[in-house]
1. Taking only region 136-182 into account, find how many residues are of a type in the set (Gly, Ala, Ser), under 14 Å from the mean Cα position of the chain (by Cα) and either part of a strand (DSSP E or B) or surrounded by fewer than 18 Cβ atoms within 10 Å (Cβ to Cβ) (or both).
2. With the requirement that a residue be among the small types (Gly, Ala, Ser) and either in contact (Cβ under 8 Å) with a residue 60 or more places away in the chain or in contact with a Leu (Cβ under 7 Å, 6 or more places away or on another chain) (or both), what does region 47-56 give you?
3. What are the pairs, 6+ residues apart or on separate chains, where a residue within region 170-195 that is touching a residue at least 12 places away in the same chain (Cβ under 8 Å) has its Cβ under 6 Å from a residue that is assigned to a helix (DSSP H, G or I) and surrounded by fewer than 21 Cβ atoms within 10 Å (Cβ to Cβ)?
4. Given the criterion under 16 Å from the mean Cα position of the chain (by Cα) and surrounded by fewer than 19 Cβ atoms within 10 Å (Cβ to Cβ), identify the matching residue among 66, 32.
5. From the list 188, 260, exactly one residue is modelled with pLDDT of 75 or more and in contact with a Cys (Cβ under 8 Å, 6 or more places away or on another chain). Which is it?
6. Taking the stated definitions as given, is residue 229 small (Gly, Ala, Ser), in a helix (DSSP H, G or I) and modelled with pLDDT under 90?
7. Tell me whether region 202-224 contains one or more residues that are modelled with pLDDT of 90 or more and of a type in the set (Val, Ile, Thr).
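The values are calculated or read from the model by the stated rules, or taken from the named source; none is laboratory data. This is a predicted model, so every value here is computed, not measured. Here the Cβ is made from the backbone with ideal geometry for all residues, glycine too, and neighbour counts use every protein chain on show.
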Amino acid sequence: MEPANQEIVDPETGGDAKPRRKGIYLLPNLMTTGCLFSGFYGIVAAIDKHFDAAGKAVFVAMICDTLDGRLARLTKTESAFGKEYDSLADMVSFGLAPAIIAYQWGVVRIAEFGRYWGRFGWLACFFYAAAAALRLARFNARSATADKRYFEGLPSPSAAAIVAAFIWFASAWPEPGLTGLIGAFLVTASAGGLMVSSFSFPSFKQFNLDRRIKFVYLLLVPLFFVLIALEPATMLLSMFGTYALSAPVLWIGRRLRRLTRGPPTPGAS
């Protein structure tokens, strides 16, 4: 993966100085390429009307995206190149791919109900793609000073998982009807809105895999995978949908508690 060494002439001795080695780290960038490939495949599968495969491809991209950063930190191969490459791959896999998958699945169908419904569909998909770009740009700009325990706005992989899981789930419908099509585009637009929101979502980056846990908790792991294997689209949509709704629901709960408490009593300690 590295080009030939670049020969550098020492200006004092006229001889060859120590060669400067250029290149990129193989392992983490290979996983990033896998993320990019999965997003690209999801787009191609959607164009070919294979929406279940398109939805699965987005989740494969999520696995690759999770592994590339962890591998880079584990092997101490983090680099500025890897960071930029990862961001570009995320835009394709979690920005463009879900938007195009939703567009291919629903816009042609919803346009049958009227021209304006078709416009609503592709505008919702574009809004999602633009929101993903803005979310990634904001994350890159604030990553150095942001609280690592939380994400500001819904992470783009989670937003992509919601859209992909919904389309994967809905791909089994023989005829979704206007209500189902509107629901798909509302889900897409809502996922985009949550990405650019200021809600705080837990990042789980502080979770320590080395700590001891109760044995009963370990039994939940195979149960979790069994449920996903039985109904993958339903379970993944439920899981990521719950995560996406958690921050807005908690925010509404805090607002309601403040309203029910009323203004503080003057003179109260």
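1. Here is the first cut: in region 136-182, the residues of a type in the set (Gly, Ala, Ser) are 137, 141, 143-144, 146, 153, 156, 158-161, 164-165, 170-172, 177, 180.
Okay, now just the ones that are also under 14 Å from the mean Cα position of the chain (by Cα), so 137, 153, 156, 158-161, 164-165.
Restricting the remaining residues to those that are either part of a strand (DSSP E or B) or surrounded by fewer than 18 Cβ atoms within 10 Å (Cβ to Cβ) (or both) gives 137.
Residues in region 136-182 being of a type in the set (Gly, Ala, Ser), under 14 Å from the mean Cα position of the chain (by Cα) and either part of a strand (DSSP E or B) or surrounded by fewer than 18 Cβ atoms within 10 Å (Cβ to Cβ) (or both): 1 in total.
2. 54, 55
3. Note: pairs meeting the criteria are 171/52; 178/113; 181/109; 189/127; 192/127.
4. After applying the criteria, what remains is 66.
5. 188
6. Values: small (Gly, Ala, Ser): yes; in a helix (DSSP H, G or I): yes; modelled with pLDDT under 90: yes.
Judged against the criteria, residue 229 is a match.
7. No - not one qualifying residue is present in region 202-224.
Quick grid of which residues meet (1) surrounded by fewer than 20 Cβ atoms within 10 Å (Cβ to Cβ); (2) over 15 Å from the mean Cα position of the chain (by Cα); (3) under 24 Å from residue 172 (Cα atoms):
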site: 73; (1), (2), (3): yes, yes, no
site: 86; (1), (2), (3): no, no, no
site: 89; (1), (2), (3): no, no, no
site: 96; (1), (2), (3): no, no, yes
site: 105; (1), (2), (3): no, yes, yes
site: 110; (1), (2), (3): no, yes, yes
site: 113; (1), (2), (3): yes, yes, yes
site: 117; (1), (2), (3): yes, yes, yes
